[in-house]
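A.B. asks: The structure under discussion is supplied below as structure tokens; questions concerning it will follow.
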């Protein structure tokens, strides 16, 4: 068993001034013995934040956070089977009147492929995805 960390958990931790290692240690204390990972799409979202930083010091901190994430946790690629599942679920959800951002669908499908739970603050959003287990490990405050 394991957890795929949604980008929101990582972004909030970085904004609070935590390093990636501190973040994983904190989350690990709440789910001891579980493997943590991120979808490759989360790297894109974190890199976006690096590029949009308003100061050089913020940019440097965000880049260190991103570099550390890639070092201390497993990064799951977007495989062909994940991509096909994304297309299937996107169509299914859309037919039921739900639209979920592509990045979130990729994160969810990565978790489904690995039989992992998604750790996110956006429970309501991810709970729309059939068969996906979700949990929130950090408070927004």
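A.B. asks: Please enumerate the residues belonging to region 74-91 that are under 18 Å from residue 7 (Cβ atoms) and either in a helix (DSSP H, G or I) or in contact with a strand residue (DSSP E or B) (Cβ under 8 Å, 6 or more places away or on another chain) (or both).
C.D. replies: Those that are under 18 Å from residue 7 (Cβ atoms) and either in a helix (DSSP H, G or I) or in contact with a strand residue (DSSP E or B) (Cβ under 8 Å, 6 or more places away or on another chain) (or both): 74, 75, 76, 78, 82, 86.
A.B. asks: Every residue in region 25-38 that is within 17 Å of residue 13 (Cα to Cα) and either touching a helix residue (DSSP H, G or I) at 6+ places or on another chain (Cβ under 6 Å) or modelled with pLDDT under 95 (or both), please.
C.D. replies: Within region 25-38, 25, 26, 27, 28, 29, 30, 31, 36 qualify.
A.B. asks: Same structure again: When you scan region 92-141, how many residues do you find that are in contact with a strand residue (DSSP E or B) (Cβ under 7 Å, 6 or more places away or on another chain), closer than 25 Å to residue 80 by Cβ, touching a residue at least 40 places away in the same chain (Cβ under 8 Å) and assigned to a loop (DSSP other than H, G, I, E, B)?
C.D. replies: 2
A.B. asks: Moving to a separate point now. Keeping to region 1-18, report how many residues are within 17 Å of residue 47 (Cβ to Cβ), touching a residue at least 40 places away in the same chain (Cβ under 8 Å) and either crowded, with 22+ Cβ neighbours inside 10 Å or in contact with a helix residue (DSSP H, G or I) (Cβ under 8 Å, 6 or more places away or on another chain) (or both).
C.D. replies: 7
A.B. asks: Could you pull out the residue among 119, 101, 80 that is farther than 29 Å from residue 33 by Cβ and within 15 Å of the chain's Cα centre (by Cα)? Talk me through it step by step, then tell me what you get.
C.D. replies: Working: 119 fails: farther than 29 Å from residue 33 by Cβ; 80 fails: within 15 Å of the chain's Cα centre (by Cα).
Checking each option against the conditions leaves just 101.
A.B. asks: Another one. Just wondering, is there one or more residues in region 54-72 that are crowded, with 19+ Cβ neighbours inside 10 Å and not in a helix (DSSP H, G or I)?
C.D. replies: no
The values are calculated or read from the model by the stated rules, or taken from the named source; none is laboratory data. Everything numeric here is computed off the predicted structure, so don't read it as measured data. Note that we place each Cβ from the backbone using ideal geometry, even for glycine, and neighbour counts take in every protein chain shown.
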